[in-house]
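*Asks:* Would you mind keeping the following structure in view while I ask a few things?
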Amino acid sequence: MVSVWDLEVIYFEAALLFWTVLLAILTACGVASAYVCMLLVVFPLIIRQLAVDYLNIKMQRRCIAVIAV
């Protein structure tokens, strides 16, 4: 059975993967508004890390990919 926290992590990382791929495509095409996608990737990662540090959440990492900033 999948816990609620594990399910949230999967959806969070799937959304970040989508925005990261879109960011890469827009940057490669030279679209000037690609920074909007960058904001949708960077700020959730920063907020997630601050929340984990502040709340002392112990996350069990069972993910295949690691997203590093």
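Laboratory data are not the source of any read-out in this text; all were calculated from the coordinates shown. Keep in mind that what you see is a predicted model, and the values were worked out from it rather than measured. Don't worry about glycine lacking a Cβ; one is built from the backbone with ideal geometry, like all the others, and counts go over all protein chains shown.
*Asks:* What is the distance, in nm, between label points placed 7 Å from the Cα along the Cα-to-Cβ direction at Phe18 and at Ser3?
*Replies:* The answer from the label model is 2.6 nm.
*Asks:* Now for a separate question. Order the peptides 19-27, 32-40 from the highest to the lowest mean number of other Cβ atoms within 10 Å of their residues.
*Replies:* Taking the mean over residues of other Cβ atoms within 10 Å, the ranking is 19-27, 32-40.
*Asks:* Could you quote the convex hull projected area for region 1-62, Cα atoms only and averaged over all directions, in nm²?
*Replies:* Dividing the Cα hull surface by four gives the mean projection, 4.8 nm².
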